Structure formats: C-alpha cells, structure tokens
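The values are calculated or read from the model by the stated rules, or taken from the named source; none is laboratory data. Predicted, not measured: the structure shown is a model, and the values here were computed from it. Cβ placement follows ideal geometry from the backbone for every residue including glycine, while neighbour counts extend to all protein chains displayed.
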Amino acid sequence: MEILVCVRRVPDTSENEIEINAAGNDIERDELVYSINEPDNYAVEEALKIRDRVGGKVTVVTVGGDDDEEVLRRQLAMGANQAVLLADDAFTGSDGRGIATVLKSFIQKGHYDLILTGVQADDGAAQVGGMLAAMLDYPFASLVNSISDEDGSLKISREIEGGNREISEIDLPCVLSIQTGINEPRYVGMRGIRQVASVPIPQLGISDLELDPATVGAVAEKLHRIDYFVPFASQGAEMLTGSRDKNAEKVFELVVTRGGIR
Amino acid sequence: MTNRMFAYIGHKGGIVEDSATELLAAAKAIDAVGSPTAIVTGWGPDFDVVCESLRASFPEIWKITHPSLAYANAELVRQVLVRVLPPQSILFVSHDHFGIDLSPGLSVKLNAAFASDVLAIEGVEGGSVKLVRQEFGGQVNARIRCDISSGAVINIRPGAFKIAAGPSASGTVVDKSAAVGALAARRRYLETIVAETGDVDITKHNVLISVGRGIQEKDNIAIAEELAESLGAAVSCSRPVVDAKWMEKSRQVGSSGKTVRPKVYIACGISGAFQHLAGIKGSPLLIAINKNPKAPIFQVADVGIVDDILEFLPELTNRVREARGMVVK
C-alpha cells in the first residue's frame, strides 16, 4: 500500500507559554519550542504499522519552508521511506483551503492508496483532511482511532461522543484524519535523526506542482486573521498565592466543605 | 446581507440535539431579525417527531428523508446539502464529531468559506463576517474575517452560544426529499460500540482528582491515587493521559470521554481544553493546579494555584492524612 502522511511543524503548546507579539498580528515566535504536530505523529506511526503489515511505502509531506525540514527528517528517522517538502513563496499566507490545494496538486502527481493527516494542527481547525478528500473526490473519515485492513477497503473506527466508537467500512483510496491515542508512536532519538541526516529531501514549488498562483497563498484566502488577543476571562479563578502548605490547607478545607467528604 | 442562512440540525432517538438552539443563536449574531431555515435529515417514525419539535424554534424546516439517511453519514448528508442549498448560503453546523466530519469537505463542494470551531460572531461588514476562534490549544484567541461572498459553512463550538427560548415560531415543515435523488456511499456505517465503564465509575464520585499532561509519567499517577485514597475520591484524567496509555479510557473526562457531575473537581496539570471542560457538568467547585500561570484552565476555575502538581499533591495528601489521624508518609 502506498501511504502519504501530511504533517506540520507547530509550536509545542505543552512546552510553551504562548504570548502575543507587540503588533498583535502573530504570536511571539522567538524562543518557541517547535515539534511535529502531535496528531500527525500518531498518523505517521499508524502508516508505518500498516506498511509493516501489508507492504508498500510511507511518504511524509509538508507545506512549509526550510525550517520545516526538521520534522520531515524526524519522521524519516521514525521509519518513513521518503519525505517531500512543498515550499514556495507563493504558498505564504495560505489558509486551510490553500494548504489542501497545494497537497492535492502533489497527490495528483503520484499514486497513493491511503492519505493520512492528523485530526488538527495548531489552529485547531480540523479542516485540511476533509477539504483534501473533497478536492480529490475521495471518501473521508475524521477522528479515526483504529484502522484494520480489508480487501480493497478499510475497517475504521471513529471517536464519537462519550467515548463511543463508530465503526465503518471505507473504500480505497481515501483520506483519514487520525486522532491521538490510536497507537503508541515509537521514540525517535538523536542517533536515529543523525542516521538520516544525509537522506535527500526533495523540494517542490508552484511550477513543479503546476499550480495556478491564484488558488494558493494570501491571494486565495477566504479566511483572514485580523489580530490575536488574550481570551477575556469573565471571572477567572481566585488565585491562592500563599505557601504550599497554606494552599494545601485551604484546598483540603474546600474539599471537605464542598465535597461532602468527612 | 443577501446570503440566506441555514442550520443543519443533529438528532438522536427522536430528540433534537441541544446544539440546535446554539446554531439559532449564532445565526442571530449575524442577523438579529432574520431566522435560519433548519435542515434536518433522517428516516422513520423518530424522524417525524424531530421535524415536529423543530417547529417551535424555526419558522421553516426543510426535511429530507431517505432510508439511507437513517444514520447520519457525513458523506451522504454532504450530497444532500450540495443538492438543496441555494448559492451563497451560510450554513451553521455544530462543531462536534459529525460537524468535523461534514463541514470541511462540504465547504469545498459548495465553493464556500469554512470557519471552524467558532466561539463568537462580532458581526457582518460588507461581504465578510467577523468571528472569533481559538488557536494554540486555547491559549490565544484570533479575530478572523471570513469572506461570505460565495457562501460559508460555519462550525459553532458546542456551548459557546446561548439563546433564551423565544415564543414558538410555529414553523412550517417543507419536504425537500424529492430534490435529493440517488445517494451512494463509499463509507458505510456498520455499528456503534458503546464505551465501557471500567473498574472505577468516575461518574459516581463527589470528588474527582483529575490529572493531565502535567503528571508527566505513568509512575506519577500513584501520587494522585494516594491523594484520592486518603480522601475517598476517585482519579480521573484528561485526554493526553489516555493517549499515553497511562490510564484507561474509562477514566477520561471530556466530550470524547465521560460526562461527570462531581461536587469538587480538582484539575491537576490540566491545561483546560474545551473538549475536556465539556465533560464537567453540574457546576462543581473547580480547583486548578498548574505550573503554567497562563493555562486556560485558570479562566474557568473557581480556585487556582500556580504550582508543580508533583510537589503540591503529596503535600495535600499529607495534610489530609494528618487531619484524619492516618499515617503520614
């Protein structure tokens, strides 16, 4: 099976306190810790598992710039067979639809049976996979939390409300957006990354992809970010600023009085 | 504004989902006097009940009924909507597991804009709607201009829009089924597997010690277990803890986990993603402990402490044990 995984490099929100820059039009990006978008990492692991069961190749791709090469290299170290960087100044400012348009043109130049994305990235929009599927006219499923192979199709489970699972059968080729927790992504160490340091990562731009410049980048956007602001806390918590033991005392008191604990 | 507004209504077992009035409220934020037309798909006797009950809130209801719409399969619903929606429509959909499945692809097929997980709508300006979304795990809000000149699909965050029940709209149900034609699915629904309860039923406890990513590793769960044991409470968790396989799925609180109604909820090292908060009902006393002072959980908590849970929780356990004459370790 030929599998493509679309990945993205994002600021690691578990490692960073996100601040807004002085102009209010972006977050403060100096000194941010970046990593692979977490759901994408699960998607790559799932692709590797399927390849190891049924054979084939795993390709990872991202739309970005030179800085994004590091996540591709990390996924190569994880076990992906090849990586491609889709980079062009014309892609700058693309909204989700623009990103999906770039990916679609890349996919149409090759042949993939299965295309995976993470369920969502740093903008929390959960949109690129579904848009891509519609552009390719492939079937799509979001929030996928298990995949098993059938002949010419896949049996998948989607995460729905209350921890319930919706089981479906989906024809190939298809696009699936992968939910976190579907597997246990393997560890990637520095040594693994060094081993793939010299693997070439081809870069393709707008002319390689034969894309109409009017369909990507800032010119094509339907959604435009005006500014960022800090969420307004309607009330906010009463912050306990005492010593640790005083705070513990207070919490204990609250649990006893409010929790009905004796 | 010339765009006509619609709301796609979810339902289950003959009951309209709560999101229906939220979609109505979102539409009112764009046009206070207008009202969206409800679109609802389904099959069978339950479905007639759904259509009837929508008459109270919506002046017009388009119903589309077909045996293959008995289960809401996003691929089929998309085909229906592409056929019935007029050009330049604005469609509101709840940003739940169905809306996430449906809307991005639908927006492409309609050549409309897609705004995902919208928290607030600030109004209309020319051919655009100004709206608010969250980015970076809810740490910052972004104000977005969404071009509606060729229509839009707007996914609304569950719980973000509230509307007071107005007088009955006495709506008219219009059967649009004939406009739909043949439906074919390349993704076929088989069954739903219901979540298990697990060894501890977190929905039955008055006090929950809930751990998040801040617990850092599996062995540290014991720190929370000890506190829970000393209090006679239970340990629950947020999604990253289940993803890392540190706790069972049955302990997860959130829209994709359990809905809990405790009296006290102690969020330990939990950032406060809305999907997690959606699982906490009944307005418990919410105490948050997190070492990141900017963690979104502090916006919704009643009491907050900026501290490392790996230090704070053992201190609290000792305090509880002391007070109860238990052995302090």
When the stretch B:150-175 is examined, which residues are found to be in contact with a Ser or Thr (Cβ under 9 Å, 6 or more places away or on another chain) and within 17 Å of B:VAL82 (Cα to Cα)?
B:GLY151, B:ALA152, B:VAL153, B:ILE154, B:ASN155, B:ASP175
For the stretch B:111-131 the number of residues that are charged (D, E, K, R) and in contact with a Phe, Trp or Tyr (Cβ under 9 Å, 6 or more places away or on another chain) is 1
Identify the single condition in (1) in contact with a helix residue (DSSP H, G or I) (Cβ under 7 Å, 6 or more places away or on another chain); (2) surrounded by 17 or more Cβ atoms within 10 Å (Cβ to Cβ); (3) among the aromatic types (Phe, Trp, Tyr) that B:PHE47 does not satisfy, given that it satisfies every other one.
(1)
Output the residues belonging to the stretch A:128-164 that are at the interface with chain B (Cβ under 7 Å from one of its Cβ atoms) and over 24 Å from B:LEU183 (Cβ atoms).
A:GLU159, A:GLU161, A:GLY162, A:GLY163, A:ASN164
Residues B:ALA120, B:ALA195, B:ALA142: which one is within 11 Å of chain A (Cβ to nearest Cβ), of a type in the set (A, V, I, L, M, F, W, C), under 23 Å from the mean Cα position of the chain (by Cα) and in a loop (DSSP other than H, G, I, E, B)?
B:ALA195
Exactly one of A:SER168, A:SER142 is out of contact with any helix residue (DSSP H, G or I) (no Cβ under 9 Å at 6 or more places or on another chain) and buried (at least 21 other Cβ atoms within 10 Å of the Cβ), and that residue is A:SER168
Suppose we filter the stretch B:19-32 for residues that are of a type in the set (D, E, K, R) and free of Cβ contacts under 8 Å to residues at least 24 places away in the same chain; how many remain?
0
Search the stretch A:89-114 for residues being under 23 Å from B:ALA113 (Cβ atoms) and part of a loop (DSSP other than H, G, I, E, B), and hand back the single one that is farthest from the other protein chains (Cβ to nearest Cβ).
A:THR92
Scan the stretch A:72-85 and give yes if some residue there is among the small types (Gly, Ala, Ser), under 26 Å from B:LEU106 (Cα atoms) and at pLDDT 95 or above, otherwise no.
no
From the residues in the stretch B:255-302 that are among the basic types (Lys, Arg) and at the interface with another protein chain (Cβ under 7 Å from one of its Cβ atoms), which one is farthest from B:GLY99 (Cα to Cα)?
B:LYS263
Residue list for the stretch A:208-253, filter: aliphatic (A, V, I, L, M) and surrounded by 17 or more Cβ atoms within 10 Å (Cβ to Cβ)
A:LEU209, A:LEU211, A:VAL216, A:ALA220, A:LEU223, A:ALA237, A:LEU240, A:ALA248, A:VAL251
